[in-house]
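One structure is given here, and the rest of the page talks about it.
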């Protein structure tokens, strides 16, 4: 049952990220993105804490609180170089500087991607999932990931659904991570006949 | 020189020499306890302020209310005296400060909880670098008791 549930989540992640990268592609005049096979894993706290490896690498983190029928948290994490490529493609600013303009462009990119992801999931499940205004941080990966886990109040274990994507020809890569609240997550499983989880 | 890393929720200690390091403090708080006369140092990396009944098998260092007392015990096991312990803190930031959530940020809650626990045990806080909206790394030099705090795009400081 656990396996079936995780398989289904991977499918959800694939669809969600597919919509997210399509939205991104439309913003960036048709640049195409490839999705890496998604992961859905049930992680204990210690495993979740170790999930990000290069703790000191500077990354951009976009964090959103999901409310509605299914509550949870979403994080969009990307290396700072990838983020700057996105900013250049979107705004034409090639200074590579992480200034207010760049941050607001990234916030908008995060907003559109995560909204598309959640809309796709909402349509499939007929459950409302509404994103908050995104929070953006540029910092050490460890500090960002730790703040995401604390923000999501991950206590014992967490279902982590991750999709990685990249663009051909440009060095853009990133991760979209969905951390549904455990109780609401059961709603999705029950709705889809996957039992009590 | 020996360098031991302290991951989220862990507590680690050294005596005489070496470095205790914790990386990636966002809303978490890094805490050091030091007894200068026996050169005993303990470092913790606390995740949330209060332990949960539902988290029975948690590492004590995950929460402020269980972590500080566990750190004191560890220091005492290495020969430190509680009355000589001095504390330093770093972290407790709010990285997603533009995300307007209700109430106090988790970083602030962590800082309050850790400070209250240290006060409860009568341990003075002799250095701190907490709050703000950026992540920190903390390196604790056991020989001197000096704690170096670094952050992306900022000058390193000693507390």
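For Cα pairs less than 8 Å apart in space and 6+ apart in sequence, what is the mean separation divided by the residue count of the stretch B:1-158, i.e. the relative contact order in percent?
Relative contact order of the stretch B:1-158: 27 percent.
Taking other Cβ within 10 Å of each residue's Cβ, how do A:94, A:139 sort, fewest first? Please report the intermediate quantities before stating the final value.
Numbers: A:94 11, A:139 24.
Ranking A:94, A:139 by Cβ neighbours within 10 Å, fewest first, gives A:94, A:139.
On C-alpha positions alone, give me the angle between the axis of helix B:106-120 and the longest principal axis of chain B, in degrees, nearest 10.
40 degrees
Where does each of A:143-150, A:178-185, A:71-78 land if you order them by average Cβ count within 10 Å, highest first? Mind dumping the intermediate values first?
Numbers: A:143-150: 26.8, A:178-185: 19.6, A:71-78: 22.9.
Final packing ranking: A:143-150, A:71-78, A:178-185.
Report the semi-axes of the equivalent ellipsoid for the protein assembly as shown in whole Å, largest first, where each axis is √(5λ) for an eigenvalue λ of the Cα gyration tensor.
38, 24, 16
Relative to 2.2 N^0.38 Å, what does the C-alpha radius of gyration of the stretch A:1-106 come to as a ratio? Two decimals please. If you can, show how the numbers build up before the last one.
Numbers: Rg = 16.2 Å, N = 106, 2.2 N^0.38 = 12.9 Å.
Compactness ratio reported: 1.25.
Residues of A:148-155, mean number of Cβ from any other protein chain within 10 Å of their own Cβ, rounded to a whole number?
6
Assuming a ≥ b ≥ c are the square roots of the Cα gyration tensor eigenvalues, decide whether chain B counts as rounded (a/c under 1.5), prolate (otherwise, with a/b larger than b/c) or oblate. Write out the running numbers ahead of the final one.
On the way: a/c = 1.79, a/b = 1.27, b/c = 1.41.
The shape class here is oblate.
Between residue A:126 and residue A:94, take the C-beta separation as r, use R0 = 45 Å, and let me know the FRET efficiency to the nearest 0.05.
Efficiency computed from Cβ-Cβ geometry: 0.55.
To the nearest 0.05, what FRET efficiency results for residue B:76 and residue A:153 with a Förster distance of 25 Å applied to their C-beta separation?
After rounding to 0.05, the efficiency reads 0.20.
Take every residue in peptide B:116-124, count the Cβ atoms of other chains within 10 Å of its Cβ, and give the average of those counts.
0
To the nearest whole number, what is the average tally of beta carbon atoms from other chains within 10 Å of the beta carbons of peptide B:44-52?
2
Working from Cα positions, state the angle (0 to 90°, nearest 10) between the long axis of helix B:64-77 and the longest principal axis of chain B.
10 degrees
How far apart, in nanometres, would the label points at residue A:191 and residue A:166 be if each is projected 7 angstrom from Cα along the Cα-to-Cβ direction?
Reported label-point gap for residue A:191 and residue A:166 is 3.4 nm.
Let me check against my output: what whole-number percent is the relative contact order of chain A, with C-alpha pairs under 8 Å and at least 6 apart? Don't skip to the end; give the middle numbers.
Working: 362 pairs, mean separation 69.2, N = 197.
Averaging sequence separation for qualifying contacts and normalising by length gives 35 percent for chain A.
Pairing the Cα long axis of helix A:182-191 with the longest principal axis of chain A, what angle in degrees results, from 0 to 90 and rounded to the nearest 10?
Relative to chain A, helix A:182-191 is tipped by roughly 70 degrees.
Considering the zone a paramagnetic label at residue B:83 would reach in this model (a point 7 Å from Cα along the Cα-to-Cβ line), which residues of the stretch B:119-155 have amide N under 15 Å from it?
B:122-124
Two-decimal Rg/Rh of the stretch A:2-191 from alpha-carbon positions, Kirkwood Rh?
Rounded to two decimals, Rg over Rh is 0.95.
How high is the FRET efficiency between residue A:101 and residue B:97 when r is their beta carbon distance and R₀ equals 22 Å, given to the nearest 0.05?
Step by step, r from the Cβ atoms, then E = 0.75.
Read the figures in this text as sums done on the coordinates, not as results from a lab. Since we're looking at a predicted model, the values are computed, not measured. Ideal geometry is used to build each Cβ from the backbone, glycine not excepted, and the neighbour counts take in all protein chains shown.
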